[in-house]
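The values are calculated or read from the model by the stated rules, or taken from the named source; none is laboratory data. All figures in this text were calculated on a predicted structure; none of them were measured in a lab. Cβ sites come from the backbone with ideal geometry, for glycine too, and all protein chains shown count toward neighbours.
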Amino acid sequence: MSNPPSATSKQVAVSRLVSLNTRDWPGTGRVPFLLIHGLASNARMWDGVAESLAATGHDTVAVDLRGHGESTQVDDGFDWETLSDDLAAVAAAHSWESFVAVGQSWGGNVALELAAHQPRLVTAVGLVDGGFLRLRDDFPTWREAEAALAPPRFNGVKIEAMEAWMRSQDDGFPESSISGRLANFAVTEEGGVRNRLSRENHIAILRHLWEHDPDTVGAGVTVPIDVVAVSGGPPRKADRVAAFAEAAGATVHWREGHHDIHAQQPELVAGLLSDLARRVTP
């Protein structure tokens, strides 16, 4: 593998009022990858995966979805169709006629919906410990889901304390992932942290996710779907993954690791995604 290229940042206007921040790694013409982060996360969590993919020739773009990271902070457009249109605009801005869509956690459900809404653009779907998420299995009512999954209030936690906590919870993450996780937060004038995604928008996205049925959506997607599923987690996770895989015709790769395995073990994830790309390359 050659030395990894450096990322450049780009703002892509997806509507009159909304621009999305992208991190772009040039490849050498192999099938492109569009990398989609999870809820309240950001594009920098994909840095290690993107570097590995680009080093093997794939043009690779990681995107901050609306309301996240360095993209426009807005209070609407978190429905599946609008998010899919946003990502199609990102692909058009990069002159891509087709690409592999990859998403982690909630971003996996977004990638699945993108493939359903844009079947001519998406040649394969990679789902990293997500895409199969169906919150109603664990939370029969929206009130239960909101109470359990609403984001924490940091109430003045300092950025230094947040970084120290991240390092104490290492879990085998490479040093480069610390900057990615810290990029989930903005720093106040007093040196405290707050999520870049507002609490109200976080809850709005959770509501869309709680209403989502990935099995039905996946059954309508005709391109290959690969799932990188992390062992452990909720008690019925294996059953949930199996049910999704059967409905969507997906291939599942179980691996040991953290829910953020893309940041924890980027070369492993990049290798699995490269294998997926080879299967869909003429």
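Only one of the numbered conditions (1) within 27 Å of residue 149 (Cβ to Cβ); (2) touching a residue at least 60 places away in the same chain (Cβ under 8 Å) is violated by residue 32, and that is (1). Taking the stretch 27-48 as the range and being among the hydroxyl-bearing types (Ser, Thr, Tyr) and surrounded by 18 or more Cβ atoms within 10 Å (Cβ to Cβ) as the test, only 41 passes.
Among residues that are under 16 Å from residue 104 (Cα atoms) and surrounded by fewer than 13 Cβ atoms within 10 Å (Cβ to Cβ), residue 256 is included. So which residues in the stretch 241-255 are part of a loop (DSSP other than H, G, I, E, B) and either of a type in the set (A, V, I, L, M) or under 19 Å from the mean Cα position of the chain (by Cα) (or both)? Hit for the stretch 241-255 is 250, nothing else. Residues that are surrounded by 13 or more Cβ atoms within 10 Å (Cβ to Cβ), touching a helix residue (DSSP H, G or I) at 6+ places or on another chain (Cβ under 8 Å) and either part of a loop (DSSP other than H, G, I, E, B) or modelled with pLDDT under 95 (or both) within the stretch 221-240 comprise 221, 223, 224, listed in sequence order. Considering (1) under 28 Å from residue 21 (Cα atoms); (2) loosely packed, with under 15 Cβ neighbours inside 10 Å; (3) polar (S, T, N, Q); (4) under 21 Å from the mean Cα position of the chain (by Cα), the lone condition that residue 216 does not fulfil carries the number (1). Among the residues here, residue 24 does not qualify as surrounded by fewer than 24 Cβ atoms within 10 Å (Cβ to Cβ) and free of Cβ contacts under 8 Å to residues at least 40 places away in the same chain.
Among the residues of the stretch 8-62, those identified as among the hydroxyl-bearing types (Ser, Thr, Tyr) and touching a Gly at 6+ places or on another chain (Cβ under 9 Å) are 15, 28, 41, 52, 56, 60. Residues in the stretch 49-70 that are surrounded by fewer than 24 Cβ atoms within 10 Å (Cβ to Cβ) and either farther than 14 Å from residue 20 by Cα or at pLDDT below 95 (or both): 51, 52, 55, 56, 57, 59.
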